[in-house]
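One structure below.
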Amino acid sequence: MKNWAGNLEYSSAGIQRPASVDELRELVAQATQIKALGSRHSFNTVADTPGTHVLLDALPQEIVLDREKGTVKVSGGISYGALGRSLEEQGYAIHNLASLPHISVAGAIQTGTHGSGVNNPSLAAAVVSVDLVRASGELVTLTADDDEFLASVVGVGALGIVTGLELAVRPSYEVRQRVLTDLSWDAALANFETIASSAYSVSFFTNYTGDTIAQVWVKALDTEAPLTDLFGATPATAALHPLPDMSAENCTEQLDVAGKWLDRLPHFRHEFTPSNGEELQSEFLLPLEHAPAALDAVRGLADKLAPLLFISEIRTIAADDFWLSPFYHQQSVALHFTWKPMQPDVEAVLPELEAALRPFGARPHWGKLFTPGEYDFPALYPRFEDFRALVKANDPTGKFRNALLDSVLGVTVTS
C-alpha cells in the first residue's frame, strides 16, 4: 500500500477496516502498534507503522449540521470536498479550504494543514470538539474546556485516532478569483504584507528564478472591492494553471467571476479527485514579518532549487493556539515546494534549504518532506515539552508512534 504520491510504500504488517467505533476501540486496545490512514496525502512516514493500519472508510460517515450551535459534526474520514458540498446544499460554509479538496478532514487537521489569508487561521481553528480513541481503547471527546484539547487537535497522530470532529460553520459566501502575472520581485519584497492582505486569500507561484513572480492568485470575497492594480502585475485574460504549459481545465474558475466559496477557495475543482500525484512536497512556516528576508534567502538558492521544482507556492496564515500547530501564536508565511519526483535529489538539497530558513524560525509541515535532525523542536514550539509529557502519559509504550515521531519527540518507549 502506497501513499498518494507513490513515493512511499507503507511498512504495516496488516490492514483493518473497522465497521464501528467500538470495533476500532477493540483493535486499538489490543494492538502493539497501530496508526490510521486517511487520504494518504502525506509525503513522509508520519502515518506509517510496522504494526496495523486502520482505514476508517468503513465507519459510519456522517455530516450533521446543527444550525442552532453553528457547527457541523463530521466523521474523521470525510473529505473536505464532500463536507463542502453537503454544507453548501444547506446554505453553510467553513472559513477556509486547502488547495486540494480531496484530503480528509481528520488527517489535514492533525498535521496542521491550512488555506490562505492573513486573517484566516489554519483548518484546525474551526475545531470545536474532537473525538479520539486513546491508546487504552478509551473513546474521549475533548472541547476547549479540556486541558488536552489544544494538544490533541493538531496531534500529529501521537495522541489517538480521530473518529470525529465538530467544526464551526458560517453562512455560505461567494468569492471572486483573479490571477495576475509577472509581479516584480522588487515590488513583492517591498510590499509583501500589503499584497498578501489585498484580498481574503492570496497565493504567489514562483520557481524563484528571474526578476518576477510568475502568478499571483487573488481570491476576494464578493463583498470586497474589485482589485484594480497590484504593483504592476498583469491581469490574466484566460484561465491559468499554477504550472506553466498545463491546462487550466481542472482549476477553479478565474477571471473575477463570482462563485460559491467551495468552488473558488481551492485551486482545483472538487469534482477533480486525483488518485495519485507524481510529485513530492515540502513546506516551511515562519513568522510573517520575516517573509521578505526569507524569500530573498531562498532566491539565493534558485539555481539549485529550480531544476527540482514544479512550482513553489507562498501563502499566509493567521495565528492559532494549538501546541504543535506550525502557526502557534504566530501569524505566518508558508513557503510550499512542489518537487519533481526526484526524491534523492530533493532530500540532498533540503538540509541546505532548511539551513537558509533556520534564522527565521521556520517550522516544517508535519506531513511533508523535511529533515528532522535540522530542527530544535523545543525551541520552535513553546509547549513542546508539555506535548511530549502528554504523549508519554497517554501512550507510554509508543502504540501510535513510529520512527519519525520518535525522532521528533525524542520519546523513550517503555515496556
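Each value in this text was obtained by applying a stated rule to the coordinates, not by laboratory testing. The structure displayed is predicted, hence computed values, not measured ones. Note that we place each Cβ from the backbone using ideal geometry, even for glycine, and neighbour counts take in every protein chain shown.
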(Q) Charges at C-beta only: +1 for Lys and Arg, -1 for Asp and Glu. How large is the resulting dipole of segment 53-107 about its Cα centre, in Debye rounded to 20? (A) 80 debye
Q. If one takes the longest principal axis of the Cα atoms in the chain, at what angle in degrees, from 0 to 90 and to the nearest 10, does the Cα axis of helix 343-357 lie?
A. 70 degrees
Q.
Could you work out the relative contact order of the chain? I mean the mean sequence separation of Cα pairs under 8 Å and 6+ apart, divided by the number of residues, in percent.
A. 18 percent
**Q.** Charge context of residue 49, other residues only, Cβ under 14 angstrom, K/R +1, D/E -1
**A.** 0
(Q) Please rank 127, 64, fewest neighbouring Cβ atoms within 10 Å first, as an exposure proxy. (A) 64, 127
Q: With r as the distance between the Cβ atoms of residue 62 and residue 138 and R0 = 30 Å, compute the FRET efficiency 1/(1 + (r/R0)^6) and round to 0.05.
A: 0.90
Q) Looking at segment 274-392, what % of its DSSP beta bridges pair antiparallel, to the nearest 5? A) 95 percent
Q: Kindly put 338, 194 in sequence by how many other C-beta atoms sit within 10 Å of each C-beta, fewest to most.
A: 194, 338
**Q.** For segment 31-111: rounded, prolate or oblate by the Cα gyration tensor [a/c cutoff 1.5]
**A.** prolate
Q: Mind listing the long-range amide H neighbours of residue 8? Cut-off is under 5 Å, sequence gap 5 or more, other chains count too, H placed in the peptide plane at 1.01 Å from N.
A: 3
Q: Give, rounded to the nearest 20 debye, the magnitude of the charge dipole that the chain has about its Cα centre when Lys and Arg contribute +1 at Cβ and Asp and Glu contribute -1 at Cβ.
A: 460 debye
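Helix-only mean residue ellipticity at 222 nm, the chain, DSSP H runs n ≥ 4 weighted -39,500 (n - 2.57), per residue, nearest 500. What is it?
Mean residue ellipticity at 222 nm (helix-derived): -5500 deg cm²/dmol.
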Q: Pop a pseudo-label 7 angstrom from the Cα along the beta-carbon direction at both residue 257 and residue 340 and give the gap in nm to one decimal.
A: 3.4 nm
Q) What is the gain in length, in nm to one decimal, between residue 225 and residue 278 on full extension, counting 0.36 nm per residue of separation less the C-alpha to C-alpha distance? A) 15.2 nm
Q. Shape of segment 175-371 from its Cα gyration tensor (a ≥ b ≥ c, root eigenvalues): rounded if a/c is under 1.5, otherwise prolate when a/b > b/c, or oblate?
A. rounded
Q | Listed values (i) 22.7; (ii) 21.7; (iii) 24.1, entry calculated as Kirkwood radius over Cα pairs in Å | A | (ii)
(Q) Give me 2, 35 sorted ascending by neighbouring Cβ count inside 10 Å, so fewest comes first. (A) 2, 35
Q. Which value in nm describes the separation of the simple spin-label points at residue 385 and residue 319, placed 7 Å from the Cα toward the beta carbon?
A. 2.1 nm
Q | Highest-MSF residue in the chain out of 83, 142, 227 [GNM, Cα springs under 10 Å] | A | 227
Q: Note down the magnitude of the dipole of segment 58-171 about its Cα centre, charges +1 on Lys and Arg C-beta and -1 on Asp and Glu C-beta and zero elsewhere, to the nearest 20 debye.
A: 360 debye
Q | segment 230-277-segment 54-99 distance, computed between alpha-carbon centres (Å) | A | 23 Å
Q) What FRET efficiency would be calculated for the residue pair residue 249, residue 22, taking the C-beta separation as r and a Förster radius of 56 Å, to the nearest 0.05? A) 0.80
Q: Figure the gain on full extension for residue 146 and residue 88 (residue separation times 0.36 nm, minus the Cα-Cα span) and round it to one decimal in nm.
A: 17.8 nm
**Q.** Within the chain, percent of DSSP bridges classed antiparallel, to nearest 5
**A.** 90 percent
